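The values are calculated or read from the model by the stated rules, or taken from the named source; none is laboratory data. Model, not experiment: these values are computed from the prediction. Because the Cβ atoms are built from the backbone with ideal geometry, glycine has one as well, and the counts that use them run over all protein chains shown.
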Amino acid sequence: MNKRGDYLNRVLFLLLNNIAWLLVAVSVIVFSLLSGRFLRPYTLLGIIPRVAPIGILVIGQSFVMLTKHFDLSSESVLGLTAFSATLLIASPELGGWGTMLPGGMVIVLMLGAGVLIGMLNGLMITKLKLNNLVYTIAVLITLRGVSYLISPATSASGLGDGFGWLGGGSLFTVMVDGKPVRVSVSLLFFFLIFAAVHIITRYTRFGRNIYAVGANRAAAEAAGIRSERIIIAVYTISGFCAALAAWVLAGRMDSATMKTGYHWIFSIQAAAIIGGISLKGGRGNMIGAMGGVILWGVLDTGLLIVQASPWIIDAILGGLLLLAILLDALKNRYLARKTLKEQLSKSLVGLSDDYLNINRSLAQGAK
Amino acid sequence: MTDRRTFCFYAVGFFSAMILVCGCGKQGDGSEKVFTVGALHPEMNAFHSAIKNSVDKRAEEKGWKIINFSAGTSAEKQLDQMESLIALGVDAILICPIDAKSIGSGVKKARDAGIPVYGVDRSTVGTPLNMTVQADNEMGGRQAAVGAVAFLKKKYGEHKGVVLELQGDMASSVAQMRNKGFNEHMAKYPNIKVLSKPTEWDQDKFFKGALDVVGSQSVDAIFSHTDVIGTTPILSALAQLGKKIKAGQKGHIWYGAIDGSPTGLKAVREGWQDASYSQPCTDCGIVLDFVEKEVLKGETIATGPFIKEGALWSPARIFQADNGLMMLLATTVVTKDNVDDKRLWGNQ
């Protein structure tokens, strides 16, 4: 009985850990059955470029969340860097400041600004011991305000092919039913960047240290990990990712406004959590987070293709976030119980207590 | 190790499911081909709902199918919706852009896919459309300026005073045109000071703008870019300041707004609002006549005056603008004298 219960628990845990990919598969099947338009190349190839900027923000957010912190300012960092970059490049007729700087220089400036803002966030949170949630909300509001301040009360566009290549460029175009279907640069970039961060988090000492700090900061420090440095680093990465996402987004839209990225933080959080990045820190991985982003993209695209009511779309996407935090809580409960069982069984080897649901084989396994 | 095994398990499962679905999923809609138009609305307030209803009604008369999307004022979402309409293979797209410039990349994608794009109520900047049908927003701004100037002349015996302009979202073409029409006329009167506040079509910002400016200095007149969104918060702000006074009474602040919405007309009727500049939004469905002419019949749309007997917006004018053909429908000055006219959309 105990053995079976434990097996079921493990299966349940595996499902919970990979829920995003499971839901991606289910959504694809459902949307395909509901509309013949969903599985067409134009639709499928459009899903990733659509969520690529959100995906990059989710990467930054995941790094921060793995250390048991939050960065709610990332949508405003994206908004400010995208809008100021656009104002620097665009001609005055198309809303720019008139500086008309070359795209390459602006890319360096915006990525640099993202890194600086992120690093400052990390320093403020670690050195001044500010509450990361409230502090990043303050930055979120402040930077959005700055976007409004620098705005000449309109949007700006006309970024040029060079700047727009990453977000709006095509690798190649294929003809389907006599119509051109573009394979976007951002599609390839999305997978490359997720592969890179997966390697960093999984196979490097820095990655392991991030998990260690998130799981138990005191223990990590006792083991010689300088947790403050790790936290500053993850906020810096988050700032960099926000600026990178801004580059992709502005390129895709060939423009930006003072409201660019407004209210994205909910999608970012939802995609990260449904992707398995735990609110409690130290748990989750980038492949799962990628699943969360793709799920977001599939739902967003599929619900439009099947012409669902806007209210249903909001309800489903909101429900998804709710589901994500419920699953996270479930997982945490399961893990806490599992740890407790293992600890108890280690100290009670030889006993079989039905009340504690412990048996000898589990105790052996725990060793 | 377990993670990798699980990932492989799901990857295999996922691709098997994909193959299964590819095999048995719907291949096209199957039904008889109906001319389908996609419509991208910026949001669903009373004004844009009136436009949607007008387009829906016209499409129904023609036996066409309409797919409506609303982007909740997000320019990024509107671009996503444009891509979805392309994926759905619609025959034409109607758009009321949230941002006149940002939608450009989406319009280009639609045109690459061979789908004509028409503007309704608002147009684009920098990217040509097949045609735009919209109210003459400059005319509306100008009519408001004429009304405010006449009030100031009557109040002071000369052209002087302070006017607050509560702007819409200056990223939208209509706000830019209303601003242009209003300020070009005002520029003729150097002793009239115009204070402009952007609101981004946000109710809270209309309230705060009116409260802050009217509360801190002497303001003689208020021009709002919209009465759908602006009238209620502006009148609330005036009430809070003790300055909500009916037209004709001492201390009254002249108030005029564009739209001619039910809210605006009610305020005109009750004397809180001096004038509303009504847009012909319930006639915006006329754009489908031009879609039919150009796309289905392959005919060219002629430029010049466009007259429709009995229509408040007539005579309209069609001309070649920088961003394609433009049809401007006249706006109507609504005061207490004609506020009950059944042809006004706010009364329908």
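Please go through the stretch B:128-142 and pick out each residue that is farther than 21 Å from residue B:302 by Cα and either within 14 Å of another protein chain (Cβ to nearest Cβ) or surrounded by fewer than 24 Cβ atoms within 10 Å (Cβ to Cβ) (or both).
Residues satisfying the conditions are B:138, B:139, B:142.
Kindly indicate whether any position in the stretch B:221-238 is more than 14 Å from chain A (Cβ to nearest Cβ) and either among the acidic types (Asp, Glu) or out of contact with any Phe, Trp or Tyr (no Cβ under 9 Å at 6 or more places or on another chain) (or both).
Yes, the stretch B:221-238 contains at least one residue that is more than 14 Å from chain A (Cβ to nearest Cβ) and either among the acidic types (Asp, Glu) or out of contact with any Phe, Trp or Tyr (no Cβ under 9 Å at 6 or more places or on another chain) (or both).
So, in the stretch A:148-191, how many residues would count as being of a type in the set (Asp, Glu) and within 24 Å of residue A:257 (Cα to Cα)?
So the count comes out to 1.
Please go through the stretch A:128-161 and pick out each residue that is farther than 26 Å from residue B:199 by Cβ and among the aromatic types (Phe, Trp, Tyr).
A:135
Tell me which residues, restricted to the stretch B:318-337, are under 30 Å from residue B:151 (Cβ atoms), surrounded by 15 or more Cβ atoms within 10 Å (Cβ to Cβ) and not aliphatic (A, V, I, L, M).
B:331, B:332, B:336, listed by residue number.
Give the stretch B:66-114 a look and list any residue that's touching a residue at least 12 places away in the same chain (Cβ under 8 Å), among the basic types (Lys, Arg) and surrounded by fewer than 23 Cβ atoms within 10 Å (Cβ to Cβ), or say none.
Answer for the stretch B:66-114, where residues must be touching a residue at least 12 places away in the same chain (Cβ under 8 Å), among the basic types (Lys, Arg) and surrounded by fewer than 23 Cβ atoms within 10 Å (Cβ to Cβ): B:108, B:109.
Determine whether residue A:227 is surrounded by fewer than 24 Cβ atoms within 10 Å (Cβ to Cβ) and either over 24 Å from residue B:80 (Cβ atoms) or among the polar types (S, T, N, Q) (or both).
yes
Taking the criterion of being in contact with a Leu (Cβ under 8 Å, 6 or more places away or on another chain), within 21 Å of residue A:248 (Cβ to Cβ) and within 13 Å of another protein chain (Cβ to nearest Cβ), would at least one residue in the stretch A:168-176 satisfy it?
no
Of the numbered conditions (1) of a type in the set (Val, Ile, Thr); (2) surrounded by fewer than 24 Cβ atoms within 10 Å (Cβ to Cβ); (3) within 12 Å of chain A (Cβ to nearest Cβ), residue B:125 satisfies every one except a single condition; which is it?
Residue B:125 satisfies all of (1) of a type in the set (Val, Ile, Thr); (2) surrounded by fewer than 24 Cβ atoms within 10 Å (Cβ to Cβ); (3) within 12 Å of chain A (Cβ to nearest Cβ) except (2).
Which members of the stretch A:11-22 meet the condition of being aromatic (Phe, Trp, Tyr) and either more than 7 Å from chain B (Cβ to nearest Cβ) or outside any helix (DSSP H, G or I) (or both)?
Answer for the stretch A:11-22, where residues must be aromatic (Phe, Trp, Tyr) and either more than 7 Å from chain B (Cβ to nearest Cβ) or outside any helix (DSSP H, G or I) (or both): just A:13.
So which of B:242, B:260 ends up being without any contact (Cβ under 8 Å) to a residue 12 or more places away in the chain and farther than 25 Å from residue B:191 by Cβ?
B:242
Any chance you could count how many residues in the stretch A:23-82 are β-branched (Val, Ile, Thr) and part of a loop (DSSP other than H, G, I, E, B)?
Total meeting the criteria: 1.
Which is within 17 Å of residue A:253 (Cα to Cα), among the hydrophobic types (A, V, I, L, M, F, W, C) and either buried (at least 20 other Cβ atoms within 10 Å of the Cβ) or out of contact with any strand residue (DSSP E or B) (no Cβ under 7 Å at 6 or more places or on another chain) (or both), of A:19, A:56, A:29?
A:56
For the stretch A:167-192, give me each residue that is surrounded by fewer than 20 Cβ atoms within 10 Å (Cβ to Cβ), aliphatic (A, V, I, L, M) and not in a strand (DSSP E or B).
Answer for the stretch A:167-192, where residues must be surrounded by fewer than 20 Cβ atoms within 10 Å (Cβ to Cβ), aliphatic (A, V, I, L, M) and not in a strand (DSSP E or B): A:187, A:188, A:192.
Has the stretch A:58-78 got any residue that is away from every other protein chain (no Cβ under 14 Å) and under 22 Å from residue A:304 (Cβ atoms)?
Scanning the stretch A:58-78 turns up at least one residue that is away from every other protein chain (no Cβ under 14 Å) and under 22 Å from residue A:304 (Cβ atoms).
Give the residue, chosen from A:54, A:29, A:47, that is within 14 Å of residue A:264 (Cα to Cα) and of a type in the set (A, V, I, L, M, F, W, C).
A:54
Under the condition of being among the aliphatic types (A, V, I, L, M) and within 21 Å of residue A:176 (Cβ to Cβ), which residue from the stretch B:78-106 is farthest from the other protein chains (Cβ to nearest Cβ)?
B:92
How about the stretch A:208-294: which helices (runs of 4 or more DSSP H) wholly inside it have at least 3 residues that are closer than 17 Å to residue A:67 by Cβ and either within 14 Å of chain B (Cβ to nearest Cβ) or free of Cβ contacts under 8 Å to residues at least 24 places away in the same chain (or both)?
A:217-222
Give just the number: which of (1) within 14 Å of chain B (Cβ to nearest Cβ); (2) surrounded by 17 or more Cβ atoms within 10 Å (Cβ to Cβ); (3) in a helix (DSSP H, G or I) does residue A:114 not satisfy?
For residue A:114, the failing item is (1).
How many residues, within the stretch A:152-176, are under 20 Å from residue A:90 (Cα atoms), in contact with a strand residue (DSSP E or B) (Cβ under 9 Å, 6 or more places away or on another chain) and among the hydroxyl-bearing types (Ser, Thr, Tyr)?
Going through the stretch A:152-176 one residue at a time, the tally reaches 2.
Which is at positive phi and not aliphatic (A, V, I, L, M), of A:95, A:112?
A:95
Conditions first: (1) touching a residue at least 40 places away in the same chain (Cβ under 8 Å); (2) away from chain A (no Cβ under 14 Å). Residue B:63 passes all but one, so which condition is the exception?
Unmet condition: (1).
So which of B:333, B:287, B:295, B:291 ends up being in contact (Cβ under 8 Å) with a residue 40 or more places away in the chain and either in a loop (DSSP other than H, G, I, E, B) or closer than 30 Å to residue B:247 by Cβ (or both)?
On inspection, the qualifying residue turns out to be B:333.
Working only within the stretch B:183-217, note down all residues that are under 22 Å from residue B:152 (Cα atoms) and in contact with a strand residue (DSSP E or B) (Cβ under 6 Å, 6 or more places away or on another chain).
B:186, B:192, B:193, B:194, B:195, B:196, B:197, B:209, B:213
Against the condition within 18 Å of residue B:252 (Cβ to Cβ), at pLDDT 95 or above and out of contact with any Gly (no Cβ under 8 Å at 6 or more places or on another chain), how does residue B:166 come out, does it pass?
no
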